[in-house]
1. Tell me, what is the percent relative contact order of the chain, built from C-alpha pairs under 8 Å that lie six or more residues apart?
2. Please give the length that would be gained between D242 and A266 if that part of the chain were fully extended, namely 0.36 nm times their separation in residues minus their C-alpha to C-alpha distance (nm, one decimal).
3. Working from the alpha-carbon coordinates of the chain, get Rg over Rh, Rh being the Kirkwood radius.
4. Taking the Cβ-Cβ separation of F163 and Q76 as r and a Förster radius of 56 Å, what is the calculated FRET efficiency to the nearest 0.05?
5. Find, to one decimal place in angstroms, the Kirkwood hydrodynamic radius of segment 2-194, where the mean of 1/r is taken over every pair of different Cα atoms and then inverted.
6. With n ≥ 4 as the cut-off for DSSP H runs, can you work out [θ] at 222 nm for the chain, using -39500 (n - 2.57) per run divided by the number of residues, rounded to the nearest 500?
7. Could you work out what % of the accessible surface of the chain is carbon and sulfur, using a 1.4 angstrom probe and leaving DNA, RNA and ligands out of the count?
8. Excluding ligands, DNA and RNA, what is the solvent-accessible area per residue of the chain at a probe of 1.4 Å, expressed in Å²?
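The values are calculated or read from the model by the stated rules, or taken from the named source; none is laboratory data. In this text, all values refer to a predicted model and were calculated from it rather than measured experimentally. No Cβ is skipped: glycine too gets one built from the backbone with ideal geometry, and neighbour counts run over all protein chains shown. Just the protein is used for accessible areas: all its heavy atoms, side chains included, with ligands, DNA and RNA removed. Shrake-Rupley method; radii C 1.70, N 1.55, O 1.52, S 1.80 Å.
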Amino acid sequence: MLERILEEIGRHDRFLICSHDAPDGDAVGSELGLAAVLASMGKTSTIINPSPIPENLRFLPGADRILAYPQGMDAQFDAFVSVDAGRRDRVHPVDEVATTGVPFLNIDHHDGNDDFGTVNWCDARYGSTGEMIYDLARRAGVDIDLDLALPLYVALVTDTGRFSYGNTTPSAHRMAEALLEVGIAPDDVHRRIYREKTVGRIRLEASAMTHLRTTLEGRIAWCAVDAEALASAGIDAGEARDLIGVPASLRGVELALSFRELAAGAGTKISLRSFGPFRVNDFAARYGGGGHRVAAGLRLEATLEEAQERIIRDLEAALVELDASLAGEGAPR
Ligand code: 5GP
Ligand code: MN
């Protein structure tokens, strides 16, 4: 837990910080936040992720020092810290540095994190890992200046869906209050993250809307984009994850998905969101994916068409099965 993490941080000087593949706002915000906390404690850190950070997060102070594997891997480190990764394979291959004997700190908020580090602070009550880093900063007694507040605010805003998901707690709002007091300009952050779209990107959304598909009377809705459309919009499959907002906004939808074809036959990336009792992390885990109860992802070695057929068919069956078990319990739906 938090105390053990702080103790372990106190023992070392050179940290390698890493977050998950296709890093999102919480991943990047948490690692930059942690780097700022470590710097305030007189320690050095290097940030290396399995893949590059998205364009819309490059405005963050310090983002230009975030490396992508294998950059920087030859340096010397005393400790390895993984943030916002629910499973060890999410930080692979950067975790290669964590050979035997290297302390491996695991800070994360995914339900079902299997404590893959040597020191673990995993707490699914947090809506974002950024909130954990904020608590760490306060417990360490470091000064919360703009360079720390900004990445933490980005982590908080993105992982709570701009304070709209069920993981948005009163303490998330208290943290936002404190960070705004430091001088964050919410309009500026919002513009940088959500309102810097290119025409190509907006056309991609239009295409997702036009090709919106539904089944089970709209209880399941999804959109799909192929690699060519992503390439012509100039974004990658990770940056296109929020296309899921299109099916998610359908009235009465219980399960929303977005399918994005990866380049060069690398399969299809799928995001899932649940607005009911269905646990999308458990469903994603069947295919080697994971995430949270209400937001999860997976990658399938299949074409865009095959992936939709297989996942939607399995999802329909799983939802109908859940209906039956809830009806059996006499639980209200
Ligand atoms: P998103 O759909 O926003 O990419 O991801 C939603 C959640 O699922 C996040 O918590 C993310 O870390 C997790 N997730 C997304 N893709 C994968 C994946 O391929 N494997 C695992 N284990 N988790 C994933
Ligand atoms: Mn997160």
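1. Details: 622 pairs, mean separation 40.5, N = 333.
After rounding, I find 12 percent.
2. Fully extending the segment from D242 to A266 adds 6.6 nm.
3. 0.97
4. With a Förster radius of 56 Å, E is 0.85.
5. 16.3
6. Details: 11 runs with 129 residues, N = 333.
Mean residue ellipticity at 222 nm (helix-derived): -12000 deg cm²/dmol.
7. C and S fraction of accessible area: 49 percent.
8. So the chain comes to 46 Å² accessible per residue, rounded to a whole number.
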